[in-house]
1. So, residue 189, is that one away from the ligand (no atom under 15 Å from the Cβ), open to solvent by 20 Å² or more (accessible area, probe 1.4 Å), at pLDDT 95 or above and among the polar types (S, T, N, Q) or not?
2. Given the conditions (1) near the ligand (Cβ under 8 Å from one of its atoms); (2) of a type in the set (A, V, I, L, M, F, W, C); (3) open to solvent by 20 Å² or more (accessible area, probe 1.4 Å), which single one is not true for residue 115?
3. When only residues in region 35-52 that are in contact with a Gly (Cβ under 8 Å, 6 or more places away or on another chain) and near the ligand (Cβ under 9 Å from one of its atoms) count, which is least open to solvent (accessible area, probe 1.4 Å)?
4. What pairs can you find where one residue is in region 187-202 and farther than 14 Å from residue 246 by Cα, the other is open to solvent by 40 Å² or more (accessible area, probe 1.4 Å) and polar (S, T, N, Q), and their Cβ atoms are less than 6 Å apart, with a gap of 6+ or different chains?
5. Looking only at region 222-241, count how many residues are out of contact with any Asp or Glu (no Cβ under 9 Å at 6 or more places or on another chain) and assigned to a strand (DSSP E or B).
6. Restricting to region 239-258, count the residues that are touching a helix residue (DSSP H, G or I) at 6+ places or on another chain (Cβ under 9 Å) and modelled with pLDDT under 95.
7. Could we say that residue 159 is in the same structural domain as residue 223 (by TED's automatic domain parsing), surrounded by 20 or more Cβ atoms within 10 Å (Cβ to Cβ), of a type in the set (Val, Ile, Thr) and in contact with a Pro (Cβ under 6 Å, 6 or more places away or on another chain) here?
8. Looking only at region 123-137, decide whether some residue is closer than 21 Å to residue 213 by Cβ, in the same structural domain as residue 80 (by TED's automatic domain parsing), within 9 Å of the ligand (Cβ to nearest atom) and within 19 Å of the chain's Cα centre (by Cα).
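The values are calculated or read from the model by the stated rules, or taken from the named source; none is laboratory data. Predicted model, so just to flag it, every value in this text is computed and none were measured. No Cβ is skipped: glycine too gets one built from the backbone with ideal geometry, and neighbour counts run over all protein chains shown. For accessibility, only protein heavy atoms count, side chains too; no ligands or nucleic acids. Shrake-Rupley method; radii C 1.70, N 1.55, O 1.52, S 1.80 Å.
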Amino acid sequence: MKILVTGGAGYVGSTLVPMLLQQGHRVRVYDSLKFGGQGLLPCCQNRFFELVKGDVSDLGGLKSALEGMDAVVHLAAIVGYPACKKEPHLAQATNVDGTRNLLSLRKPDQKVIFASTGSIYGAVPDYICNEKTPRAPITLYGETKATAEQMVLDAGNGIAYRYATAFGVSNRMRLDLMPNDFTYQAVKNKSLIVYQGGFKRTFVHVRDMARSMIFALEKWDTVKDDVYNVGHETMNFTKEDVARKILEHVDFYLHFAEFGSDADQRNYEVSYEKIRAKGFETTVDLDRGIAELVRAAQLIEFQNPFANV
Ligand SMILES: NC(=O)c1ccc[n+]([C@@H]2O[C@H](COP(=O)([O-])OP(=O)(O)OC[C@H]3O[C@@H](n4cnc5c(N)ncnc54)[C@H](O)[C@@H]3O)[C@@H](O)[C@H]2O)c1
């Protein structure tokens, strides 16, 4: 298959693209390279890989990128509530208008896989969210993703995946994701302070996100024109659970703060029954993902220009 991956140079894309290439697909990445493109360097060895530097706001560039493609995995976005809060106009232009551009330019037979998020559920108390739970986003990120996923579903020949919080090692690394950040602090600082440790979150490993997209391409006729939560009930954890799991791998000082709060107030559990009924199961659990993160943290070095040591 010929597959266009918008935002393919990012955290998810730089795991997905090598997997697609390995399966023999031809992959064209369309990405503005906001965070550079180093994550895709290993893909350059494959002659079926092509990179087009471009923005989803550029209709001409996007139209050319779509030419000859069978399917589009649409990842390009301003990702996460802090990034959207910092650049709200860009978040709207990329996440909503960029998706509209893509849908208006693609041919009806070009499949669209959209990466949505559990953030569209908002702060749901004492309630297990399923796909029928009304969207109630509490952040601009969640709002833009909720609008865009509805556009994808309305357009037809598309699928929207509402992912749990991603974690794990990817070729373009993100340390702002909670388990990644916690593990990095534990390894590097030998200490971690956790606020609101009882808050529940739900996680999915970045390789399982990529696998779910490949699953959709393979089972298109049975999954298309619908929305699915992607993750696993065994991956619903409190922040304290995550911190204690890291303690099983690394010796560090763990402190639970009674005061202070996390800016991300999500506290929710999600059901993944619907995607499981279609035959998709995640494969990487928290323990394995954290073991990988511990190894990666030893390789990653941030230089602080204002420190003497
Ligand atoms: N990581 C998660 O926890 C998570 C969870 C749920 C859903 N998602 C969704 O998955 C997708 C990928 O997330 P990620 O973690 O890889 O994020 P990321 O920020 O690492 O990657 C996003 C990519 O999009 C590109 N991009 C940004 N604006 C662009 C534009 N205007 N035109 C073209 N390219 C542009 C960036 O250069 C980057 O390479 C996003 O749509 C995100 O909303 C991520």
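1. Numbers: away from the ligand (no atom under 15 Å from the Cβ): yes; open to solvent by 20 Å² or more (accessible area, probe 1.4 Å): yes; at pLDDT 95 or above: no; among the polar types (S, T, N, Q): yes.
It is false that residue 189 is away from the ligand (no atom under 15 Å from the Cβ), open to solvent by 20 Å² or more (accessible area, probe 1.4 Å), at pLDDT 95 or above and among the polar types (S, T, N, Q).
2. (3)
3. The initial filter retains those residues of region 35-52 that are in contact with a Gly (Cβ under 8 Å, 6 or more places away or on another chain), namely 35, 39-40, 48, 51-52.
Right, trim to near the ligand (Cβ under 9 Å from one of its atoms) and you get 35, 39.
Numbers: 35: 130, 39: 6 Å².
By that ranking, first place goes to 39.
4. 195/261; 196/261; 199/267; 200/267
5. The first filter runs over region 222-241 and keeps only residues out of contact with any Asp or Glu (no Cβ under 9 Å at 6 or more places or on another chain), leaving 222-225, 237-238, 240-241.
Those still in the list that are assigned to a strand (DSSP E or B) too: 237-238.
Selection size over region 222-241: 2.
6. Total satisfying the criteria: 2.
7. Values: in the same structural domain as residue 223 (by TED's automatic domain parsing): yes; surrounded by 20 or more Cβ atoms within 10 Å (Cβ to Cβ): yes; of a type in the set (Val, Ile, Thr): yes; in contact with a Pro (Cβ under 6 Å, 6 or more places away or on another chain): no.
No; evaluated as a whole, the condition is false for this residue.
8. No; the residues of region 123-137 include none that is closer than 21 Å to residue 213 by Cβ, in the same structural domain as residue 80 (by TED's automatic domain parsing), within 9 Å of the ligand (Cβ to nearest atom) and within 19 Å of the chain's Cα centre (by Cα).
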